[in-house]
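Everything on this sheet refers to the single structure shown next.
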Amino acid sequence: ELNNRINAELERMAKTVYDYWFVQFDFPISAAYAASVGQPELEGKPYKSSGGKMVWSEELKREVPEGWEVMRIKEIAVTGSGGTPLSSTPKFYENGNIPWINSGEVNAPFIIDAKKFITQDGLNNSSAKIFPRCTILMAMYGATAGQVSLIDIEACTNQAICLIIPKDKKLTEYIKFSLHQLYEYLVKLSSGSARDNLSQDKIKDLHILIPNSIVVERFHQICHNTFEKTLFNLKESQ
């Protein structure tokens, strides 16, 4: 119970930082950032409310900090999906030791273990693939469509999940939060209901705002520590 309360607070703190930095754009300006944008007078102040330069983004239909890029998921990450071995073939499942995640499990922010396992035969005879730790999962079908999770294990998934592996690992936490922020939009994109389907192509074409590398680095440091503490508590409770 204590770990659950700590994790809820850690999640709230990380989300507050994300909202403050990337929704309100009032991230704290470091000396390096102030110098890089030619506004040394802003050092130590919140960006937007202190007069940081903003420009209109046609893709996002809103103002964003000058110098930040808008890119599609397919430009900043490798994506994939899973598969399901034939359930009528026992040797694909019995005594399996390869974690296999289904879309219903993506309602948890982090996945530290699997409820089901498949065998090497099951892996070899299906379109399932093993993905590395820290892969972002997004459910594409069913009641959890649009929800996002992060795996802390090597695992494969069923075909109802889109797997997203950022090319720059420092963007992992940022992309996870950004996709979570798009949840309502994704529900509408999947034909207006959480029970309809997204597709890997729709997810690959999503626009994501990519911050200045100095801001990405700092956010990564903060959230990586928060994520690691959360995962430690989950494993301790387990």
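Some values worked out for this structure:
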{"item": "Beta bridges per DSSP with both ends in the chain, % antiparallel, nearest 5", "result": "85 percent"}
{"item": "Accessible area of the chain belonging to carbon and sulfur atoms, whole % at 1.4 Å probe", "result": "51 percent"}
{"item": "Dipole magnitude of the chain, debye to nearest 20 (Cβ charges: Lys/Arg +1, Asp/Glu -1, about Cα centre)", "result": "280 debye"}
{"item": "Surface accessible to a 1.4 Å probe, per residue, for the residues of the chain, Å²", "result": "51 Å²"}
{"item": "Relative contact order for the chain, counting Cα pairs under 8 Å that sit 6 or more residues apart, in percent", "result": "22 percent"}
{"item": "S213 accessible area, 1.4 Å probe, all protein chains in place, Å² to nearest 10", "result": "90 Å²"}
{"item": "Electrostatic dipole magnitude of the range 89-129 [Cβ: Lys, Arg +1; Asp, Glu -1; Cα centre; debye, to 20]", "result": "60 debye"}
{"item": "Full-stretch length increase - Q221, D113 - with 0.36 nm per residue and alpha-carbon distance subtracted", "result": "36.4 nm"}
{"item": "Local electrostatic count, E217, Cβ distance below 13 Å [Lys/Arg +1, Asp/Glu -1]", "result": "+1"}
{"item": "Members of K176/K204; K45/K167; K15/K204 lying beyond 26 Å, as alpha-carbon distances in this model show", "result": "K45/K167"}
{"item": "Within the range 145-179, backbone nitrogen closer than 12 Å to the virtual label 7 Å beyond the Cα of K202 toward Cβ", "result": "145-147"}
{"item": "For the range 142-238: relative contact order, % (alpha-carbon pairs under 8 angstrom, 6 or more apart)", "result": "38 percent"}
{"item": "Angle in degrees between helix 2-22 and the longest Cα principal axis of the chain, rounded to the nearest 10", "result": "50 degrees"}
{"item": "Amide H contacts under 5 Å for K129, placed H, 5+ residues apart", "result": "G83, T157"}
{"item": "Rounded if a/c under 1.5, otherwise prolate or oblate - the range 115-238, Cα gyration tensor axes", "result": "oblate"}
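The values are calculated or read from the model by the stated rules, or taken from the named source; none is laboratory data. Given the structure is predicted, the values throughout are model-derived calculations rather than measurements. Note that we place each Cβ from the backbone using ideal geometry, even for glycine, and neighbour counts take in every protein chain shown. Only protein heavy atoms, including side chains, enter the accessible area calculation; ligands, DNA and RNA are left aside. Shrake-Rupley method; radii C 1.70, N 1.55, O 1.52, S 1.80 Å.
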